[in-house]
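The values are calculated or read from the model by the stated rules, or taken from the named source; none is laboratory data. Since the model is a prediction, treat every value here as computed from it, not as a measurement. As a convention, Cβ positions derive from the backbone with ideal geometry for all residues, glycine included, and neighbour counts pool all protein chains shown. Side chains are part of the model used for accessible areas, which takes the heavy atoms of the whole protein and leaves out ligands, DNA and RNA. Shrake-Rupley method; radii C 1.70, N 1.55, O 1.52, S 1.80 Å.
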Amino acid sequence: MNLDFVIANSFGVVRTAQLNRCGVDRDEIGRLVAMNRLRRVRHGWLASDSPAPAALAAVKGGGVLSCVSALALRGYWTPRVTDTHVRLTDFGRRSAAGGLATGLRRCGSRAGSKRPASSVDPTLIALSAAAGCVSDEELVAIIDSILHAKRVSEEDVRAALAGHPAKVRRLLDRVDGRAESGSESIARAWWRGSGSRCGHRYESPVWAAST
Ligand SMILES: [Zn+2]
């Protein structure tokens, strides 16, 4: 597999194990570091010269990018957040015991602490993290956005949320992958949650239009 592809597909922050798997051994990594094509971020992690800032901050902070921050980077609708949402690994929990760096928010405990394969959580793991971090309406809008993109199936989404409380799983009944924007989806989710019914298209409430 092409090295540039692996780095780009990892948002510029890669595990040494990822490089090893595509045939880049320890000596070659040393050469790439000496040539400034890669730099060491923390044990087992390297960054290119132009990594995604959020992914780099998450890895430096002892975890990987997750939750709404990972979903936003992967191109899905998310609510606006100011902090970078990070899922800590077991290693990260120990190293961050004294507290996380400014601007990082720890979340995603339900998504597990398994050794991550990537600096940015895959869609379904990030969704599982977000389920404990955003409002009901925002979660419905996120799922709408994921289904609208058609990269994962509704069945996959249900499986990802299977370990969450029934309240979260019931939100799946309010999902509609036809929604064309986060604000439309949030408004629909709120409308349905209030017990009302509406068609697919309608004028968004003023408060939703600003999201
Ligand atoms: Zn979060």
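Just to verify a number: FRET efficiency for residue 35 and residue 117, C-beta to C-beta distance, R0 = 35 Å, to 0.05? The computed FRET efficiency comes out at 0.85.
When each of the peptides 16-24, 80-88, 150-158, 65-73 is scored by how many other beta carbons lie within 10 Å of its residues on average, the order from highest to lowest is 65-73, 80-88, 16-24, 150-158. Solvent-accessible area of segment 3-51 (1.4 angstrom probe, protein heavy atoms only): carbon and sulfur portion equals 47 percent.
According to the Kirkwood relation over distinct C-alpha pairs, the hydrodynamic radius of segment 3-51 is 10.4 Å. Here the extension length gained between residue 28 and residue 164 equals 44.7 nm, from 0.36 nm per residue of separation less the Cα-Cα distance. Between residue 101 and residue 21, residue separation times 0.36 nm minus the direct Cα-Cα distance comes to 25.7 nm.
Highest mean packing first, where packing is the average number of other Cβ atoms within 10 Å per residue, the peptides 118-131, 29-42 line up as 118-131, 29-42. Between residue 173 and residue 49, how high is the FRET efficiency from 1/(1 + (r/R0)^6) when r is the Cβ-Cβ distance and R₀ = 35 Å? Nearest 0.05. E(calc), rounded to 0.05, equals 0.15.
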